[in-house]
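Every number here is computed from the coordinates shown, using simple stated rules; none is lab data. Just so you know, these numbers come straight off a predicted model, no measurement behind them. Cβ atoms come from the backbone with ideal geometry, glycine included; neighbour counts cover every protein chain shown.
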Amino acid sequence: MKKNLAIIGGGIVGATAAYYALKEGHAVTLYEDGTGQATKAAAGIICPWFTLRRNKPWYYLVSQGAEFYRRFMADLAEDGLNTDPIFQEVGTLLVRKNESSLTRDQERAQERRPASPSIGNLTSLSAQEAMGKFPLLETPYPASFVSGGARLDGAALIRQLHDLIPKLGGKLIHGQAQLMADGDQQVSVLGPQKDTKSYDAILLACGAWLPHILEPLGYEVAISPQKGQLFSIYRPDWEGNAWPVVMPPGKFDIIPFQNGELVIGATHENDRGYDLTVEDQRLAELQERASSLLPFLSDQVAYHRVKVGIRAYTPDYAVLVGPVPELESVWAVSGLGSSGLTSGPFLGYQWVKHVSQGHVDLDQSLYPIASYIKKV
């Protein structure tokens, strides 16, 4: 049955949800104000299978998210989009400090490949072989090469989805939306033009801004903002490369793109609130860390681009997903943190499945939203 749906937040979760809801035949209005959106500032690595985190509910989301990307890109290609600049399986180099870590990677690949065939092949490489895969790299350490690892241009994906949504019959409204109490357990949406509309179901996909949406209705929301900054370097002779993405032991990633842009990211700043200003000192610290593998960054280099976004975290780093307490028609997805690019599309699709079919492909008891959103 066709439903009238509203989505507040046009990042990776909201834009994917809007896309699939339109393909299901629903009427969709996507509200997006663009402030600090984490996806627009993200260039991501889709390679979650070798994480050291032991949180099984979180791992389920990111592993399912990695698998879902293959379907997602196929669906977008069917709708006429060129997905090559957005998502490419170039492989991932997992730089390791010892041979025992390579053995652990082999064990995890064997254990997890049946449920996650996108892992592909895993090869243990010497330091010399790793540098052969990525000529800019200088390292004394070996690496595991994961053939199914992929790079993702989050900003390009969002642009494509935002362009596609009106073509599929949806409404994309730029500006801030608010929830308005509309009787017992009912809410409506106040749009940027101060027009109020009611919907059959609403998805709150506004990331770290979820408290701003729900607090006026009397909710306490345990979501904290985390600032992330990244920079890129561009050189014409890097164009057309097929280098893999790199996940080193330190707190940074290296993501090369075919257009000659090399992205280094990102910072994890828990003390900056919703501040979106570029901070040169934090970028300099990131550059210094990355120079351990990319020595040319030790010299003064000109940044091609700098981006800033705000991620959303719960106090225990758990993901928040499900109906808002006492508002059964309103769902929220937040707390994805730096894994949002990986799990976001899968979660957006799950909301559409809930709306259309009444069930989802996850155990909602493992994502207790009432622990993080409480009516005061």
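I'd like the distance between the alpha-carbon centres of the range 176-229 and the range 1-17, rounded to an integer number of Å.
The distance from the Cα centre of the range 176-229 to that of the range 1-17 comes to 13 Å.
First measure r as the distance between the Cβ atoms of Asn4 and Asn82, then evaluate 1/(1 + (r/R0)^6) with R0 = 25 Å and state the FRET efficiency to the nearest 0.05.
0.20
For the chain, what proportion of DSSP beta bridges, expressed in % and rounded to the nearest 5, is antiparallel?
About 70 percent, rounded to the nearest 5.
Between Phe296 and Lys353, 0.36 nm times their residue separation minus their Cα-Cα distance comes to what?
Net length gain for the segment: 15.7 nm.
Scan the range 249-316 for trypsin sites (Lys or Arg not before Pro) in coil per DSSP, keeping those whose Cβ has at most 15 other Cβ atoms within 10 Å, and list them by number.
Passing sites in the range 249-316 are Lys251.
Identify the GluC sites (Glu not before Pro) of the range 248-316 meeting these criteria: DSSP loop state and at most 16 other C-beta atoms within 10 Å of the C-beta.
Those that pass, being in a loop and sparsely packed, are Glu279.
Explain nothing, just compute: Karplus ³J(HN,Hα) = 6.51 cos²θ - 1.76 cosθ + 1.60, θ = phi - 60°, for every residue of the range 327-335 in order, whole Hz, x for Gly and Pro.
Rounded to whole hertz, the list is 10, 5, 8, 10, 9, 10, 10, 7, x.
Once both labels are modelled 7 Å past Cα along the beta-carbon direction, what's the Gln185-Gln364 spacing in nm?
1.2
Using per-residue counts of other Cβ atoms within 10 Å, averaged over each peptide, order 109-119, 140-150 from highest down. Provide the component values of the computation, followed by the final result.
Working: 109-119: 15.4, 140-150: 21.3.
Order by mean packing, descending: 140-150, 109-119.
With respect to the cross-link table entries Lys56/Lys227; Lys2/Lys227; Lys251/Lys374, which display a Cα-Cα separation exceeding 29 Å?
Lys2/Lys227; Lys251/Lys374
Any chance you could run the full-extension gain for Glu138 through Asp237? It's 0.36 nm times the residue separation minus the Cα-Cα distance, nm to one decimal.
Length difference between fully extended and current span is 33.8 nm.
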